[in-house]
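Q: One structure coming up, written as structure tokens, with questions to follow.
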Amino acid sequence: EIAPAQRRGFLVSLNELMIVVGILSAYISNCIFATVTKGWQIMFGLVIPPATLQAVVMYCLPPSPRFLIKSGHSEAAADVLEKLRAKVDIYDELDYIRASLKEEGQYSFCDLFRSKDNMRARMLVGIFLALFVQITGQPTILFYASTIFKSVGFHSNVAATLASVGIGVVKVMATIPATLLVDRVGSKTFLCIGSVMMSLSLTAMALVSFQIPINFGSICGSHGLTNHSWVNSVIHLTN
């Protein structure tokens, strides 16, 4: 809400870029500590400093001018905009925010399910965009990349974890041009390009998976034995 309209696409994409950089950093740290005794504890511990830094920096963010105007604090909203929009006339933006709030007040929650101003179609587009990202299986590949690589022939934890770093590199390299060009090319264009590339990638992965023998039995079996022994230990202690 505090981003200027002409740079909003860049800043939203920059958030996504930081997410994929974080994923790549996690893959790299996992690769480094894959052979370390109790390395998983270090992996989890490494997220504490950046999370703490984010929590501290959040207190330095200015309040949203839109929220301040909606709460009746127009002067405070003007002060915030003056700090955020150096050497820019802020009064046109203040008028635009007031007009958008007035227009927003014409709608209720139930209007999301009606054809009024095409609100139902807008809501369905947003829902299905989020849904399709999940049902493509992309989050599953990110979360279980090393396990998937082990099932297709990377026998050691180090090799499988190192291979997963490649996924992080590809995500970062694909996000950089989108971040730099989204305000010039348009978000819809990048969405269409990304959807086509995702479809081709998923199709290629499906075709390759039919050619490569996949062995989940040993992986699932080892986890099953571990869980079984843990359960037996708990039962023994209980008795």
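Q: If you rank Ser115, Ser13 by how much accessible surface each has, with a 1.4 Å probe, what is the order from largest down?
A: On the way: Ser115 85, Ser13 25 Å².
The residues order as Ser115, Ser13, largest area first.
Q: Using a 1.4 Å probe, what is the accessible area per residue for the chain, in Å²? Don't jump to the answer; show the numbers that get you there.
A: Numbers: 17310 Å² over 239 residues.
Computed with neighbouring chains in place, this is 72 Å² per residue.
Q: Let me ask something else about it. Please give, to one decimal in nm, the separation of the simple spin-label points placed at Phe113 and His155, each 7 Å out from Cα toward the Cβ.
A: My value for the distance between the label points is 5.8 nm.
Q: Still on this structure, please answer the following. Treating cross-link reach as a plain straight distance, find the lysines whose alpha-carbon is under 29 Å from the alpha-carbon of Lys38, omitting any fewer than eight places away in the same chain.
A: Lys150, Lys171
Q: Treating the angle as unsigned and between 0 and 90°, give the value, to the nearest 10°, between the Cα long axis of helix 48-58 and the longest Cα principal axis of the chain.
A: That helix lies at roughly 10 degrees to the long axis.
Q: Measure nothing but the geometry: give the 0 to 90° angle between the long axis through the Cα atoms of 119-135 and the longest principal axis through the Cα atoms of the chain, rounded to 10°.
A: Value to nearest ten degrees: 20.
Q: Moving to a separate point now. 7 Å from Cα along Cα→Cβ at both Leu181 and Lys38: what's the point-to-point distance in nm?
A: The two pseudo-label positions are separated by 4.9 nm.
Q: Something else about it: Looking only at trypsin sites (Lys or Arg not before Pro) in DSSP loops with at most 13 other Cβ atoms within 10 Å, what is the longest site-free stretch of the chain?
A: On the way: sites that count: Lys38, Lys87, Arg114.
Value returned for the longest uninterrupted segment is 115-239.
Q: Can you give me the C-alpha center-to-center distance between the range 158-196 and the range 38-72, rounded to a whole angstrom?
A: Cα centroid to Cα centroid, the span is 24 Å.
Q: Quick check for me: using +1 on Lys/Arg Cβ and -1 on Asp/Glu Cβ, what's the dipole size of the chain about its Cα centre, in debye to the nearest 20? Intermediate results must be reported in sequence, preceding the final value.
A: Working: 18 positive and 14 negative charges, 96 e Å.
It works out to roughly 460 debye.
Q: Can you tell me the orientation of helix 74-84 relative to the chain, as the angle in degrees between its alpha-carbon axis and the longest Cα principal axis, to the nearest 10?
A: Taking the Cα atoms of the chain, the angle to 74-84 is about 60 degrees.
Q: Can I ask one more? Would you kindly find the accessible area of Ile28, with a 1.4 Å probe and non-protein molecules such as ligands, DNA and RNA excluded, rounding to the nearest 10 Å²?
A: 80 Å²
Q: Something else: Ordering Ser187, Ser164 from largest to smallest accessible area (1.4 angstrom probe), what's the sequence? List each step's numbers first, then the result.
A: Values: Ser187 85, Ser164 0 Å².
Per-residue accessible area, sorted high to low, gives Ser187, Ser164.
Q: Another question about this same structure. Accessible area of the chain with a 1.4 Å probe: how many percent of it is carbon plus sulfur? Could you put the intermediate results ahead of the total?
A: Numbers: 11750 of 17310 Å².
Result for the chain: 68 percent of the exposed heavy-atom area is carbon or sulfur.
Q: I would also like to ask the following. To make sure I understand the rule: partners must be aspartates and glutamates, Cα under 15 Å from the Cα of Lys83, and not fewer than 8 residues away in the same chain. Which ones qualify?
A: Glu1, Glu75, Glu93
Q: I would also like to ask the following. At a probe radius of 1.4 Å, what is the per-residue accessible area of Leu180, in Å² to the nearest 10?
A: 110 Å²
Q: Sort Tyr107, Tyr96, Tyr144 by heavy-atom solvent-accessible area, probe 1.4 angstrom, most to least.
A: Values: Tyr107 60, Tyr96 160, Tyr144 125 Å².
Ranked list, largest accessible area first: Tyr96, Tyr144, Tyr107.
The values are calculated or read from the model by the stated rules, or taken from the named source; none is laboratory data. Note that the structure is predicted; figures quoted are calculated from it, not measured. Because the Cβ atoms are built from the backbone with ideal geometry, glycine has one as well, and the counts that use them run over all protein chains shown. Side chains included, ligands, DNA and RNA excluded: accessible areas come from the protein's heavy atoms. Shrake-Rupley method; radii C 1.70, N 1.55, O 1.52, S 1.80 Å.
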